[in-house]
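Input: a single structure, listed below in structure tokens.
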Amino acid sequence: MVNKLLKHEFTALSRMLVPMYIILLGLAVITRIIAIFETDTLIYDIILVSAVVVLSVGLVVGLVYTMVSCIIRFYRNLFSKEGYLTFTLPVSVNAHLLTKLFTSMVAYVASLGIIFISFCIATSGELLAEIFKAAGYILGKAGEALGANLGLYFAEFALLMLVSIAAGILLFYACMCIGQLAKRSRVLLALGVYFGYYYLTQFIVTIGIILLTVFEDSEAFMNLLDWIALNPEATIHIVLLGLTAFYAIMGGVYYLVAHTIMKKKLNLE
Amino acid sequence: MNELLKCENLTKTYGRITALNNVNLVIPRGKIIGLLGPNGSGKTTLIKILNGLLTPTEGSLTISGFKPGVETKSKVSYLPDSSYLNSWMKVEQIVNMFIDFYPDFRPELAYKMLKNLDIDPTAKLKTLSKGNKEKVCLILVMSRNAELYVLDEPIAGVDPATRDYIISTIINNYNPEASVLLSTHLISDIEQILDEVIFINKGVVELHKTVDEIREENGMSVDELFREVFRW
């Protein structure tokens with residue numbers, strides 16, 4: 001059943017996202033074509049800069065549009081009239097949540113891939129070669145500094161990115177599910193919960209930073225700094241894996257909230 | 001087991017409002033049952049609990065011994081009171097979706113009914129009229145070989161000819177071993193096909209009898225009795 005859900009989910013999401021991806025790639029091709037016909041005139045400079053700006057804004061809009069499309073898809077398919085079909089399919093709540101999470105993550109990664117490809121198309125030729133050369137140089141220097149662990153750091157960083165994206169998506173899902181507990185203005189409540197939670201976490205982080213400055217002269221803090229200085233590689237591993245574990249736990253909590261509400265408190269109107 | 005659906009002390013409240021109040025009900029197999037009541041009586045609430053779209057506050061509801069969940073959703077074929085299909089999808093895409101998720105779905109029957117109604121399977125749902133969209137929904141529901149068909153207001157908001165078509169579709173295509181639970185206000189149109197009726201008012205089941213019993217005991221049709229019981 002999960003395979004079938006995935007098939008229908010990808011079909012629905014791709015009809016929202018593929019046209020946008022085609023537009024972005026088209027903008028990249030147009031930018032590149034403009035770059036080919038380089039002339040030393042003010043008009044050309046204006047056109048080229050405009051094309052670059054439109055492409056840059058388009059890429060950002062594309063990323064935001066992907067995020068918004070996934071959220072809208074989740075809401076419409078489960079909590080609008082479509083929910084009467086979705087929730088009467090012989091499929092578990094876990095299957096619904098996991099397929100939506102998976103397809104959203106694929107969409108995010110795909111949009112990042114489109115951004116990268118668009119960038120490569122727009123800068124193809126000598127400029128792209130220079131950019132890759134510079135990137136190679138930076139990576140080489142990083143490799144010298146970090147030693148054999150460079151590949152492992154990249155893997156841990158990639159894992160952290162995936163887990164944090166998943167946690168971010170699940171937070172949206174949990175907020176939308178919490179919004180469903182209200183009788184009216186459900187979307188408003190969902191937004192309120194999301195922003196309230198965001199500001200609460202910002203507040204907690206700020207308090208943490210303030211506490212750090214209060215204790216920065218303490219012996220324990222000094223010992224910690226010494227340890228970090230002596231063990232930079234281990235520190236990077238701990239930070240990356242620690243953050244990954246943190247986001248994984250938070251993602252698990254958001255999943256539990258969404259699952260519990262969808263299974264036990266569903267009230268489609 | 002002849003008991004297909006069983007409600008025990010089923011209650012649903014929304015704050016201070018009681019939508020269903022201690023409902024005890026048994027629906028047997030192989031019957032067409034009318035769920036009749038005025039607006040706000042609790043019909044749709046009962047139907048939604050049955051389909052797992054609402055959770056009860058107290059009590060229980062089982063279908064073939066299972067609580068509403070994955071097992072019961074494969075046994076129940078549900079038609080809501082308005083179209084719930086993605087308007088951007090084509091009719092054949094929706095049919096394929098039903099083939100994917102319901103092993104008991106009969107695509108040859110669905111396509112036959114679509115052809116009889118001159119509905120192009122390659123047409124997008126958003127290009128169909130309201131009546132045709134509802135017919136597509138009904139065709140999908142009745143093309144399943146389910147144990148329980150639940151139809152919420154299937155003939156409201158359509159013309160008399162379409163109503164007759166819907167009623168004949170229900171009669172001609174449902175599994176005789178199954179039951180059909182029909183919620184409606186248009187009792188006179190549906191009375192001739194009903195085996196049993198349930199009168200529900202303010203969340204309470206006031207009557208559950210066969211149509212023959214009602215006619216013999218009260219000397220009136222179900223429609224006449226309904227108007228008598230729920231008179232303002």
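Each value in this text was obtained by applying a stated rule to the coordinates, not by laboratory testing. Note that this is a predicted model, so its numbers are computed, not measured. Positions of Cβ are backbone-derived with ideal geometry, glycine not excepted, and every protein chain shown enters the neighbour counts.
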Exercise: per-residue mean of other protein chain Cβ atoms within 10 Å, B:43-50 | 1
Which of A:Met222, B:Met142, A:Met67, B:Met113 comes first, and how do the rest follow, when ranked by fewest Cβ neighbours within 10 Å?
-> A:Met222, A:Met67, B:Met113, B:Met142
If the chain between A:Ile138 and A:Arg15 were fully stretched, how many nm would it gain, using 0.36 nm times the residue separation less the Cα-Cα distance?
-> 40.4 nm
State, to one decimal in nm, how far the label point of B:Ser60 lies from the label point of B:Asp104, with both points 7 Å from Cα in the Cβ direction.
-> 2.2 nm
Calculated FRET efficiency for the pair A:Ile228/A:Leu162, C-beta based, R₀ 35 Å, to 0.05 | 0.85
In debye to the nearest 20, how big a dipole does segment A:1-124 give about its Cα centre with +1 on each Lys and Arg Cβ and -1 on each Asp and Glu Cβ?
-> 720 debye
With -39,500 (n - 2.57) per DSSP H segment of 4 or more residues and division by the full residue count of the protein assembly as shown, the 222 nm estimate, nearest 500 deg cm²/dmol, is -21000 deg cm²/dmol
Which value does Rg/Rh take for the protein assembly as shown over its C-alpha atoms, Rh per Kirkwood?
-> 1.10
Long-range amide H partners of B:Leu181 with built H, under 5 Å = B:Ile33, B:Tyr149, B:Val150, B:Leu151
Average beta carbon contacts from partner chains per residue of A:79-87, 10 Å cutoff | 5
Hull surface divided by four, with the convex hull built on the Cα atoms of segment B:1-50: how many nm²?
-> 3.8 nm²
Tabulate in residue order the Karplus-calculated ³J(HN,Hα) for segment B:190-201, using 6.51 cos²θ - 1.76 cosθ + 1.60 with θ = phi - 60°, rounded to whole Hz; enter x for Gly and Pro.
-> 10, 4, 5, 9, 7, 9, 9, 10, 10, 9, 10, 8
To the nearest 20 debye, what charge dipole does segment A:147-269 have about its Cα centre, counting +1 at the Cβ of each Lys and Arg and -1 at the Cβ of each Asp and Glu?
-> 1180 debye
Could you point to the residue in A:Thr206, A:Ala167, A:Val257 farthest towards the positive end of segment A:147-269's charge dipole, with +1 and -1 charges on the Cβ of Lys/Arg and Asp/Glu respectively?
-> A:Val257
If you count the DSSP beta bridges with both ends in the protein assembly as shown, what percent of them are antiparallel, to the nearest 5?
-> 55 percent
Quick one: if you stick a label point 7 Å off each Cα along the C-beta vector at A:Lys265 and A:Leu150, how many nm between them?
-> 5.0 nm
Estimated distance in nm for a label pair at A:Ile238 and A:Lys7, the labels positioned 7 Å out from Cα along Cα-to-Cβ | 5.0 nm
What is the diffusion coefficient of segment A:1-124 in µm²/s, taking the Kirkwood radius over Cα pairs and the Stokes-Einstein relation at 4 °C with a viscosity of 1.567 mPa s?
-> 80 µm²/s
Going by C-beta contacts inside 10 Å, put A:Thr99, A:Thr213 in order with the fewest on the left.
-> A:Thr213, A:Thr99
